[in-house]
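Below is one structure, written out as structure tokens, with a few remarks after it.
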Amino acid sequence: MQILINNTQVEAVSGETLLKVARRAGFDIPSLCYSEGVKHRPSCMVCGVKDCSSGQIIPSCATLVVDGMEVDADSDEVKYIRSLSLELLLSDHRADCDAPCSMVCPQGLDIEQMLDLYDSNKNEEAHALIVTTLIQGCDDCKAPCEKVCRRKSVDKEVSIREIINKLTDKYGKPAVTDTKKEKSKSDSILFQSRLGRYTTHEKEWLKKNTSTVSGCLHCACSERIDCKLRLYATAAGIKRSRYNASSALSLTQKQHVTGKLWFEPAKCIRCGLCVYNSNNGFTFQNRGFSMQVAIPEENKANVNEELSELCPTGALSNRLSLYN
């Protein structure tokens, strides 16, 4: 059969979804609640397209093709609906994408990543990141990274400059090059989250549970590079969420599932991929606006670490501990 997508004739097979046909034909339609070859249910509407015959916005990931149908996949109206869907998801998502220390570094150093390597006893790798990024050392810097350090609100800021100087004194100072200046600005157009303040309960929990060598809370999302929600928000031109509120869920609800698999409910967008593709593992609890994805203690043994590959955000991730 044949259908029209953006006035282009496309071959389709009965039983296929619009999303599959469109992507095969080269149309770039995003989706968060869909993954090829696994069970899913439409929920995010980020893959929305317009049925030209009815004027309705329909989820392309769940709509089966019909011979002769006409679809609008990238008009301003369709893009607006997708952008609105992303905004709504972001409004209930604790999107601590980048650590504030990295965001304010005038030389573009990913400080959180450097501290992550340092805390993992990968000092030479931490040093390599420093010397390939910094244009010069930190001696003359006013240390905005330490001023915005989120650890400061718990007890005392991380001594970032001291750690950098310790590494460069041991392994060598950074060399000045012109190419580093361009690199430091390469990620400036990415979506950046609005970081909320820690509650009193969260501060006490962090003080008790953080035992890194540097003292860093590692507040950046470990999956920020591959997060589909962030990538699509960036593509849609969303640089900051328009809503001040993020998820009401506490960061202290991070849960160890099995092996290296961790679950952070505050980053979950309730797409259901982990629910539909784990056998007696993840489940939905409550209904309506209070519905959340949960993993009962007795179900954890039924979950595989590979499930994290389906998660479109950083809600499911593989790591050795909470802080690496």
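Only the coordinates and a few stated rules stand behind these numbers; no lab work does. Everything quoted here is computed from the prediction, not taken from an experiment. All Cβ positions, even for glycine, are placed from backbone atoms using ideal geometry, and neighbour counts span all protein chains on display.
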For the pair residue 161 and residue 24, how long in nm is the line joining their label points, each one 7 Å along Cα→Cβ? 6.0
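Quick one: putting +1 on the C-beta of Lys and Arg, -1 on the C-beta of Asp and Glu, what dipole do you get for the chain around its Cα centre, in Debye to the nearest 20?
1000
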What label, among (i) -0.63, -0.75, -0.87, -1.28; (ii) -0.48, -0.59, -0.72, -1.30; (iii) -0.56, -0.68, -0.80, -1.22, belongs to log10 I(q)/I(0) by the Debye sum over Cα atoms at q = 0.09, 0.10, 0.11, 0.15 Å⁻¹ computed from the structure on display? (iii)
Around residue 82, what is the net charge, scoring Lys/Arg as +1 and Asp/Glu as -1 over all other residues with Cβ under 14 Å from its Cβ? -3
I need the P(r) histogram for region 11-140: all alpha carbon pairs, bin width 10 Å from 0 out to the longest distance, whole percents. 11, 29, 17, 18, 17, 7, 1
Please list the non-local residues whose amide H lies under 5 Å from the amide H of residue 49, H modeled 1.01 Å from N, same-chain partners needing a gap of 5 or more. 58, 60
With +1 assigned to the C-beta of every Lys and Arg and -1 to the C-beta of every Asp and Glu, and no other charges, what is the dipole magnitude of region 249-324 about the Cα centre in debye, to the nearest 20? 220
Per-residue ellipticity at 222 nm for the chain, helices alone: DSSP H runs ≥ 4 residues times -39500 (n - 2.57), over residue total, nearest 500 deg cm²/dmol? -7500 deg cm²/dmol
Round to the nearest 10 and give me the degree value, 0 to 90, for the angle of helix 76-91's Cα axis relative to the longest principal axis of the chain. 50
Have a look at 205, 130, 117 and report the one farthest towards the positive end of the charge dipole of region 96-220, computed about the Cα centre with Cβ charges (Lys/Arg +1, Asp/Glu -1). 205
Using the structure shown, list the pairs from 152/228; 147/260; 79/228; 173/260; 147/207 with a Cα-Cα distance above 26 Å, or answer none. 152/228; 147/260; 173/260
Using a Cα-Cα cut-off of under 16 Å, which aspartates and glutamates could be cross-linked to residue 142, ignoring same-chain neighbours fewer than 8 residues away? 157, 162
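Relative contact order, percent, of region 2-91 when contacts are C-alpha pairs under 8 Å separated by at least 6 residues?
34
Lys and Arg at +1, Asp and Glu at -1: add these up for the other residues within a Cβ distance under 13 Å of residue 47 and post the number.
Values: positive: 20, 23, 41, 50, 79, 82, 228; negative: 28, 36, 74.
Result for the local shell: +4.
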